[in-house]
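K.L.:
There's a structure below that I have some questions on.
The values are calculated or read from the model by the stated rules, or taken from the named source; none is laboratory data. Small disclaimer: the values here were computed from a predicted structure and weren't measured. In this analysis, Cβ positions are derived from the backbone assuming ideal geometry, glycine residues included, and neighbour counts consider all displayed protein chains.
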Amino acid sequence: MYIMVIIKTKNLSKSFANGGIQNHVLRNIDLEIYDKDFTVIMGNSGSGKSTLLYALSGMDRPTFGEIMLNGHAIEKMKEKELAVMRRANVGFVFQQMHLVSNLTLFENVCVSGYLMKNRKPKEVHDQAEELLKRVGVFNEKDRLPSRVSGGQCQRAAIARALINSPKMIFTDEPTGALNSKIGRQVLNVLTELNQEGQNILMVTHDVKAATRATRIIYLHDGQINGEMTLEPYTPEQEKNRERQILAFLE
Ligand code: ADP
Ligand code: MG
């Protein structure tokens, strides 16, 4: 079977200068992320998960090494070229949603679609409505973020990330700011999207959230320190998956 690689890194490294001392946060990471997976990156706090996600999504530049994202060599791209590539290939969902506070949910979803040269506003509007229905906040579409719940904001943030049909949704602790019931609903949306074919790369330290993965990568001290693969998620299997993941983390 031929497996498509969507992200490939070589010697990926990132350090931060800290008062004259180099903090080597990512250390020579060679990694492949495969098409159709719901890949989860786990690891202790401070292990470099967010830094890795920012680098892989082209949001932040590595100090050293190569990143291929859907056929684009990020390290070779100029800022403007990178921005254009990211708009078409990358959707990002943050822990703290980061919706634009003076735009409605609908407008938040549309913004990045308007920036695409090849898209007509009508087409963007239609897709935004479809996505807002898809994630379950269509009835709230004309409200400001401050007028809806955290879970509804995160649903809208997922719709916003999907507006240009990106190759990969990157998400950093998407349930971190939500209670467990609402968090579950957001995870259900992500799981369904993946089972419909959407690539997802999620950072979490939460085992419950990780049960949604088809592949888990464990990051320790800036290096990959193990991985496991899982069958597609079903709710009936959740407890069992949780046990499997806990055993893997031991
Ligand atoms: P995780 O998401 O696994 O908790 P992070 O990737 O956020 O870990 O951080 C890993 C390390 O990198 C930490 O020691 C953190 O202090 C450091 N770090 C992250 N971002 C920056 C930055 N912008 N400047 C300096 N140090 C940073
Ligand atoms: Mg983090």
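K.L.:
Looking at segment 108-123, I want the residues that are within 11 Å of residue 87 (Cβ to Cβ) and have a partner that is assigned to a loop (DSSP other than H, G, I, E, B) and of a type in the set (A, V, I, L, M) with Cβ atoms under 7 Å, at least 6 apart or on another chain. Which pairs are those?
P.N.:
Sorted first by the residue in segment 108-123, then by its partner, the pairs are 112/163; 113/163.
K.L.:
A further question on this structure: What number of residues within segment 100-118 satisfy the criterion of being at pLDDT 95 or above, surrounded by fewer than 16 Cβ atoms within 10 Å (Cβ to Cβ) and not hydrophobic (A, V, I, L, M, F, W, C)?
P.N.:
The number of residues fulfilling the criteria is 3.
K.L.:
For segment 29-46, state whether one or more residues are closer than 24 Å to residue 195 by Cα, of a type in the set (Asp, Glu) and in contact with a Lys or Arg (Cβ under 8 Å, 6 or more places away or on another chain).
P.N.:
Yes, that holds for at least one residue.
K.L.:
Show me the helices (runs of 4 or more DSSP H) entirely contained within segment 167-250 in which 2 or more residues are away from ligand 2 (no atom under 16 Å from the Cβ), touching a Ser or Thr at 6+ places or on another chain (Cβ under 9 Å) and within 21 Å of residue 69 (Cβ to Cβ). Lay out the reasoning, then the answer.
P.N.:
On the way: elements: 180-195, 207-210, 238-249.
The qualifying helices (runs of 4 or more DSSP H) are 180-195.
K.L.:
Let me ask another. Take residue 52 and decide whether it is closer than 29 Å to residue 248 by Cα, within 16 Å of ligand 2 (Cβ to nearest atom), under 18 Å from the mean Cα position of the chain (by Cα) and not β-branched (Val, Ile, Thr).
P.N.:
Yes.
K.L.:
For segment 18-54, give me the residue count where each residue is without any contact (Cβ under 8 Å) to a residue 60 or more places away in the chain, near ligand 1 (Cβ under 8 Å from one of its atoms) and small (Gly, Ala, Ser).
P.N.:
Final tally of qualifying residues: 1.
K.L.:
Right, here's the next one. Looking at (1) near ligand 1 (Cβ under 9 Å from one of its atoms); (2) surrounded by 13 or more Cβ atoms within 10 Å (Cβ to Cβ), which is the only condition residue 59 fails?
P.N.:
For residue 59, the exception is condition (1).
K.L.:
OK, next. Got a number for residues in segment 109-156 being farther than 21 Å from residue 188 by Cβ and either in contact with a strand residue (DSSP E or B) (Cβ under 6 Å, 6 or more places away or on another chain) or among the polar types (S, T, N, Q) (or both)?
P.N.:
Adding up the residues that qualify gives 4.
K.L.:
Would you call residue 247 hydrophobic (A, V, I, L, M, F, W, C) and out of contact with any helix residue (DSSP H, G or I) (no Cβ under 7 Å at 6 or more places or on another chain)?
P.N.:
On the way: hydrophobic (A, V, I, L, M, F, W, C): yes; out of contact with any helix residue (DSSP H, G or I) (no Cβ under 7 Å at 6 or more places or on another chain): yes.
When the stated conditions are applied, residue 247 passes them.
K.L.:
Anything in segment 210-229 that is in contact with a helix residue (DSSP H, G or I) (Cβ under 6 Å, 6 or more places away or on another chain) and surrounded by fewer than 19 Cβ atoms within 10 Å (Cβ to Cβ)? List them, or say none.
P.N.:
If the condition is that a residue be in contact with a helix residue (DSSP H, G or I) (Cβ under 6 Å, 6 or more places away or on another chain) and surrounded by fewer than 19 Cβ atoms within 10 Å (Cβ to Cβ), then 228 is the only one that fits.
K.L.:
Under the condition of being buried (at least 17 other Cβ atoms within 10 Å of the Cβ) and of a type in the set (A, V, I, L, M, F, W, C), which residue from segment 1-17 is nearest to ligand 1 (Cβ to nearest atom)?
P.N.:
Going through the qualifying residues, I end up with 12.
K.L.:
Considering only residues that are in a loop (DSSP other than H, G, I, E, B) and under 25 Å from residue 192 (Cα atoms), which ones fall in segment 1-28?
P.N.:
Residues satisfying the conditions are 1, 2, 3, 4.
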